[in-house]
Amino acid sequence: MKHHIRQLIAEALEQARSAGDLQYDSELDIVVEKPKNEGQGDFSTTVALILAKSQKKNPRAVAESIRKYLPSGNSEVASVEIAGPGFINFTMTREFFLSRLKDIPRQGDRFGNVNVGKNEKVLLEFVSANPTGPLHIGHGRGAAVGHSLSLLLKRAGFAVETEYYVNDVGNQMNNLGRSTWLRYRELLGEAIEFPDDLYRGEYVKGTAQEIIDEKGKEFLGKSEEEVLPFFRKFASDSILNGIREDLNVFGVTFDRWFSEGSLYEGDRVAKAVDWLKDKGYVYEKDGAVWLRSSDFEDEKDRVLVKQTGERTYFCSDIAYHKDKVDRGFSKIIDLWGADHHGYVPRMQAVLEAMGYSKDVFKVLLVQFVTLVRGKEKVSMSTRSGEFITLAEVLQEVGVDAARYFFLMRSSDTHLDFDLELAKEEAPENPVFYIQYAHARICSIFRNAGESGLTVPGPEEVDLSVIEEADAFSLIQKMLALPEVIEKSALAFEVHRVPHFLHDLVSEFHSYYAKHRVVSEDRSLSLARMFLLNCVKTTIANGLSIMGVSAPDKM
RNA sequence: GCGCCUGUAGCUCAGCUGGAUAGAGCGACGGACUUCUAAUCCGUAGGUCGCAGGUUCGAGUCCUGCCAGGCGCACCA
């Protein structure tokens with residue numbers, strides 16, 4: 001919608017320039033926005049204010065020379081006015097909004113989609129929690145944000161693929177196997193002193209019990225070397241399955257589960273290192289192999305191969321990201337927990353060392369989640385292995401509330417997740433507030449159906465009977481969805497979607513309270529049903545980005 | 001000590017690439033159900049946008065310094 005206005009302005013500017021009224025050469029960024037206050041029109045632009053300086057004229061005069069070339073008094077633009085220091089305000093006709101409103105049912109569940117992505121291949125990696133324990137609440141936020149971001153980017157026209165990187169090699173896997181082995185023996189009656197540096201969580205006992213159930217005591221008496229491969233594999237498989245299950249329940253799926261171990265097949269890790277070596281970014285020192293990451297923005301060089309000959313995690317991560325690039329993605333997005341932010345510069349350095357421009361690779365950091373119950377903080381201590389799992393939260397508050405709460409704040413602020421509020425089926429709970437609007441509209445339609453009324457199609461409906469100002473405000477709000485999707489996708493900011501929905505729904509509830517939809521006036525009833533059907537579609541599309549259901553009945 | 005994120009109403013947070021009079025929810029207070037779902041609506045109160053400078057026609061938004069909180073600063077993953 002704003003694009004349309006922007007187009008009008010661009011044309012007027014061009015005419016003003018060729019007529020010699022204005023001189024400028026650079027591409028102008030034309031900002032169109034919706035004025036906050038009554039009486040300032042439906043759209044407004046600041047181009048005149050921005051141009052004024054280079055024109056060495058006062059902004060109002062610049063505005064006037066633009067306005068000369070702007071259409072007005074036609075079927076779309078009712079009037080164009082200059083206000084304040086030099087704003088150009090557009091007032092649109094009702095027909096303009098009503099005809100655009102009809103696009104909503106025509107587009108249905110595609111309404112809101114845009115094509116700023118131009119089908120660009122994007123790889124979005126998120127969660128990627130190590131298979132050494134169940135997903136906790138922090139992973140939940142990453143999962144919700146990542147998955148919704150992928151849905152958002154798709155709606156914005158990007159060709160997105162999602163991926164979970166499974167860190168299934170390395171010392172941590174041995175530790176997990178060892179932990180399980182110890183618990184196994186403990187459960188079978190042995191007295192065990194459990195070391196601090198192993199995984200102490202309860203779930204390890206669960207895994208050990210599974211082994212007992214399946215295999216009985218057959219490992220007892222054997223050496224650790226003998227049994228470790230089995231325990232390691234069994235435990236990580238079991239945990240990874242659990243993670244998959246939790247994510248399924250949460251409605252989060254991935255296009256690909258990428259195994260770190262698979263990088264070692266065919267020596268892909270070594271090849272990636274060699275490749276960087278050829279470019280002169282790798283050297284040996286103190287018996288270790290280093291990447292000269294300080295040539296880029298990293299503060300120091302990083303070890304790729306330890307003195308022991310083992311490769312670091314960073315090393316396989318290089319191979320992994322090289323693989324991503326090799327697969328033809330022109331945009332690579334990683335979603336990490338904020339505690340990994342120190343890792344960003346070195347990964348950035350890798351991509352640059354590989355010769356890619358900085359904006360190919362983007363790390364999005366998701367800040368921590370604090371669980372609260374009303375006023376009380378729910379304490380979590382990772383050290384003891386006692387943390388709140390995602391599964392527990394889902395059990396308590398449900399998928400919809402959890403997804404909404406994870407998404408409603410900007411990812412780079414800490415999130416207070418109020419369990420008490422999330423599970424409340426009350427107006428204070430924003431998820432229910434929005435879902436209720438959808439259900440309410442469905443309910444109105446059911447009711448109208450009893451009077452023989454069904455929602456009319458865009459070709460048959462007569463919208464001229466809609467005159468209320470708040471209906472037009474509602475319409476403008478709905479028609480903003482494409483812009484919301486475009487902007488939040490380009491900024492990678494999913495939280496704008498729930499904010500948009502909350503605003504929209506609030507206008508709907510208010511409209512509902514003031515105007516009766518189904519009345520004796522048949523054509524007015526039909527027109528309003530059409531309007532509400534558009535609201536319903538807009539809500540449903542917004543909720544679908546968040547992975548929150550849009551119920552017909554509550 | 002260095003780096004990243006954050007500081008906006010009592011609480012939790014929006015504020016889109018700087019734009020017209022800083023917004024919402026919760027909480028508080030006061031109203032509205034014989035009427036399509038009151039899981040809703042309407043109204044009132046509540047702010048030196050952490051502090052101090054700077055940039056400019058204009059700053060919550062950009063720059064510098066300081067203060068406070070969170071998180072990092074491994075030949076761990």
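The numbers here are math on the coordinates, done by the rules we state, and not lab data. Just so you know, these numbers come straight off a predicted model, no measurement behind them. Note that each Cβ is placed from the backbone with ideal geometry, even for glycine, and that neighbours are counted across all protein chains shown.
Summary of values
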item: Prolate/oblate/rounded call for the stretch A:178-222, Cα gyration tensor, a/c under 1.5 rounded; result: oblate
item: Over the stretch A:41-86: Rg over Rh, Cα atoms, Kirkwood Rh; result: 1.00
item: Mean-position separation - Cα centroids, the stretch A:313-345 and the stretch A:264-287, in angstrom; result: 17 Å
item: Neighbourhood net charge (13 Å Cβ-Cβ; Lys/Arg +1, Asp/Glu -1) for A:I332; result: -3
item: Within chain A, percent of DSSP bridges classed antiparallel, to nearest 5; result: 50 percent
item: Per residue, the convex hull volume that the Cα atoms of the stretch A:426-546 enclose (Å³); result: 107 Å³
item: For the stretch A:178-192, 3J(HN,Hα) per residue [Karplus equation, 6.51 cos²θ - 1.76 cosθ + 1.60, θ = phi - 60°, Hz, x = Gly/Pro]; result: 5, 4, 5, 4, 5, 5, 4, 5, 4, 5, 8, x, 6, 7, 10
item: Cα centroid of the stretch A:433-464 to Cα centroid of the stretch A:111-173, whole Å; result: 36 Å
item: FRET efficiency estimate (nearest 0.05) - Cβ-Cβ, A:A10 to A:N37, R0 22 angstrom; result: 0.30
item: Cleavage-rule hits (GluC sites (Glu not before Pro)) in the stretch A:104-193: DSSP loop, at most 11 neighbouring Cβ within 10 angstrom; result: A:E190, A:E193
item: Shape metrics for the stretch A:218-355, restricted to C-alpha atoms - Rg then Dmax, Å; result: 18.1, 55
item: Tilt relative to chain A, helix A:481-490 - C-alpha long axis, 0 to 90 degrees, to 10; result: 40 degrees
item: Acute angle (nearest 10 degrees) that the helix A:268-278 long axis makes with the longest principal axis of chain A, alpha-carbon atoms; result: 80 degrees
item: Calculated P(r) tail over 30 Å for chain A, as whole % of Cα pairs; result: 63 percent
item: FRET efficiency, 1/(1 + (r/R0)^6) with R0 41 Å, evaluated for A:K279 and A:A426 via beta carbons; result: 0.10
item: Estimated [θ] at 222 nm from DSSP helical runs (n ≥ 4, -39500 (n - 2.57)) normalised by residues in chain A, nearest 500; result: -15500 deg cm²/dmol
item: Inter-label distance, nm, simple model (7 Å from Cα along the C-beta direction), A:S473/A:S506; result: 1.1 nm
item: Positive minus negative residues near A:R106 (Lys, Arg vs Asp, Glu; Cβ under 14 Å); result: -1
item: Theoretical gain in end-to-end length, A:D295 to A:K553 [0.36 nm per residue, Cα-Cα removed]; result: 86.9 nm
item: GluC sites (Glu not before Pro) within the stretch A:1-45: DSSP coil, no more than 15 neighbouring Cβ in 10 Å; result: A:E27, A:E38
item: Contour minus Cα-Cα distance for A:D213 and A:S262 (0.36 nm per residue); result: 14.6 nm
item: Low-density loop positions, chymotrypsin sites (Phe, Trp or Tyr not before Pro), the stretch A:310-354 - DSSP coil, at most 11 other Cβ in 10 Å; result: none
item: Inverse mean reciprocal Cα-Cα distance (Kirkwood Rh) of the stretch A:147-193, Å; result: 14.3 Å
item: Length released on extending from A:H3 to A:K375, taking residue separation times 0.36 nm less the Cα-Cα span; result: 129.4 nm
item: Overall dimensions of the stretch A:1-132 as given by Cα atoms, namely Rg and Dmax in Å; result: 19.4, 70
item: J(HN,Hα) series, the stretch A:298-310, from Karplus relation 6.51 cos²θ - 1.76 cosθ + 1.60, nearest Hz, glycine and proline x; result: 6, 7, 8, 6, 10, 7, 9, 10, 6, 4, 6, x, 6
item: Entries in A:K2/A:K477; A:K2/A:K34; A:K477/A:K536; A:K36/A:K477; A:K121/A:K358; A:K300/A:K331 that, when Cα-Cα distance is taken, lie over 19 Å; result: A:K300/A:K331
item: Environment charge at A:L390 (Cβ cut-off 10 Å; Lys +1, Arg +1, Asp -1, Glu -1); result: -1
item: Helix axis angle, A:202-215 relative to chain A longest principal axis, alpha carbon, degrees; result: 60 degrees
